[in-house]
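Here's the structure, in structure tokens; my notes come after.
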């Protein structure tokens, strides 16, 4: 069995666009006609450039190879161009292609992927989601409205969610770490207090920040949030300086979570050695794929760290996350977009079952999905923005900051 063909789908995500502006899916075909699907989450360059990278990685390192030889293909891509170091774009391309190889292998052996990487550890997987606007909410007003957030949180708990994520702490800015404004600190405290009052001990609070604070700014904010006992403080500082996480952890009693912007075991193991992070959030369409992320989870075990696979992407990465989650012993939970996302679920044939805050692990071969190629082709992405983007404007200290999600409408 050898890999012979690659097809790439760049799919526009219809409004309201939870999960990003577009998704990049790959389809691999073998010489005996088996197909597998994967998803690329590397979004540092636009889709046209990413298509070129995916084609190059496939043709250079994978075309004609047995899809079983994932370790060999990983080393080829990782070492490409005399690098042998994490490269976000190349490893993002490889990650999606690697997931597709596992989908092929599962179908070839008529087994789910988790059965091929060590078997079933977790029959049901705990899920969490962001707080999203309800149908009657004003989407633009939602992000800074504690009343709307409480209403959304209450409904999610009624649906069965036991963990809720929100990020009211200010702008999503490309300028690096900044000090939070006093009003943003006050608003963050109010969100935590009101949501905690509404849900009580029925749900964990997951506080996100998108890596936007200086080390001291993150510590200032964390001290104000500690009375509400969040399960995690996510990406409190920019992800490119691992040592700063350790400084925050020393003065913060909230567990630190990070990892959505990291790739390969090289980065995650360095992060763990700092002692500052206890929850890893790899995105399988970026972190190196299923096998590489299983290694990341294994490295985390002796550090007594847990894994909560990240998802702000499409449903194929969601399916891959679930396959890994079914297998690893140090799973915390997996991110889900609402209960799977209306458009997202259609793209995979509505094959994954979400039930009262948990996901039932699929038993079908491979990823356990039925990718809807017709629907993907009917929603091509023709915009100019990236999957996610950060604002250039700095934090405001004399007026309200607005987040508006990571992919607001382009004006």
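Which of the residues spanning segment 221-232 are buried (at least 16 other Cβ atoms within 10 Å of the Cβ) and in a helix (DSSP H, G or I)?
Hits for segment 221-232 are 221, 222, 225, 228.
If you take the residues in segment 36-51 that are in contact with a helix residue (DSSP H, G or I) (Cβ under 7 Å, 6 or more places away or on another chain) and surrounded by fewer than 19 Cβ atoms within 10 Å (Cβ to Cβ), which one is modelled with the lowest pLDDT?
Only one residue fits best here, namely 44.
Any residue at all in segment 122-135 that's over 25 Å from residue 388 (Cα atoms), out of contact with any helix residue (DSSP H, G or I) (no Cβ under 8 Å at 6 or more places or on another chain) and at pLDDT 95 or above?
Yes - at least one qualifying residue is present in segment 122-135.
Determine which member of the set 260, 244 is over 15 Å from residue 168 (Cα atoms), out of contact with any helix residue (DSSP H, G or I) (no Cβ under 8 Å at 6 or more places or on another chain) and either in a helix (DSSP H, G or I) or at pLDDT 95 or above (or both).
Result: 260 is the single residue among 260, 244 that is over 15 Å from residue 168 (Cα atoms), out of contact with any helix residue (DSSP H, G or I) (no Cβ under 8 Å at 6 or more places or on another chain) and either in a helix (DSSP H, G or I) or at pLDDT 95 or above (or both).
Being buried (at least 19 other Cβ atoms within 10 Å of the Cβ) and under 24 Å from the mean Cα position of the chain (by Cα) is the filter here; which residues of segment 174-194 pass it?
188, 191, 192 - these are the residues of segment 174-194 that are buried (at least 19 other Cβ atoms within 10 Å of the Cβ) and under 24 Å from the mean Cα position of the chain (by Cα).
Scan segment 152-173 for residues that are assigned to a helix (DSSP H, G or I), closer than 27 Å to residue 395 by Cβ and out of contact with any helix residue (DSSP H, G or I) (no Cβ under 7 Å at 6 or more places or on another chain) and report the count.
Matching residues across segment 152-173 total 1.
Quick one: count up the residues across segment 96-117 that are surrounded by 14 or more Cβ atoms within 10 Å (Cβ to Cβ), in contact (Cβ under 8 Å) with a residue 60 or more places away in the chain and touching a helix residue (DSSP H, G or I) at 6+ places or on another chain (Cβ under 8 Å).
13
Select from segment 52-65 the residues that are under 24 Å from residue 366 (Cβ atoms) and surrounded by 17 or more Cβ atoms within 10 Å (Cβ to Cβ) and list them in ascending order.
Result: 54, 57, 58, 61, 62, 65.
Starting from residues that are touching a residue at least 40 places away in the same chain (Cβ under 8 Å) and not in a helix (DSSP H, G or I), keep the ones in segment 66-76 and report whichever is surrounded by the most Cβ atoms within 10 Å (Cβ to Cβ).
67
Looking at 281, 212 in this structure, which one is modelled with pLDDT under 95 and either buried (at least 17 other Cβ atoms within 10 Å of the Cβ) or under 22 Å from residue 19 (Cα atoms) (or both)?
After ruling out the rest, the residue left standing is 212.
Quick check on my filter: what residues within segment 263-279 are farther than 25 Å from residue 75 by Cα and either under 18 Å from the mean Cα position of the chain (by Cα) or part of a helix (DSSP H, G or I) (or both)?
277, 278, 279 - these are the residues of segment 263-279 that are farther than 25 Å from residue 75 by Cα and either under 18 Å from the mean Cα position of the chain (by Cα) or part of a helix (DSSP H, G or I) (or both).
Are there any helices (runs of 4 or more DSSP H) wholly within segment 296-411 with 2 or more residues that are closer than 23 Å to residue 92 by Cα, in contact (Cβ under 8 Å) with a residue 40 or more places away in the chain and over 18 Å from the mean Cα position of the chain (by Cα), and if so which?
373-377
Which of the residues spanning segment 335-349 are under 19 Å from residue 165 (Cβ atoms) and either buried (at least 22 other Cβ atoms within 10 Å of the Cβ) or out of contact with any strand residue (DSSP E or B) (no Cβ under 7 Å at 6 or more places or on another chain) (or both)?
335, 336, 337, 341, 344
With 127, 149, 141 as the choices, which residue is surrounded by 14 or more Cβ atoms within 10 Å (Cβ to Cβ) and assigned to a helix (DSSP H, G or I)?
On inspection, the qualifying residue turns out to be 149.
For residues in segment 198-209 being in contact with a helix residue (DSSP H, G or I) (Cβ under 8 Å, 6 or more places away or on another chain) and surrounded by fewer than 22 Cβ atoms within 10 Å (Cβ to Cβ), which is farthest from residue 395 (Cα to Cα)?
202
Which of the residues spanning segment 77-89 are in contact (Cβ under 8 Å) with a residue 40 or more places away in the chain and in a helix (DSSP H, G or I)?
Matches in segment 77-89: 78, 88, 89.
The values are calculated or read from the model by the stated rules, or taken from the named source; none is laboratory data. These figures come from a predicted structure and were not determined experimentally. Quick reminder, even Gly has a Cβ in these numbers, built from the backbone with ideal geometry, and neighbours come from all protein chains shown.
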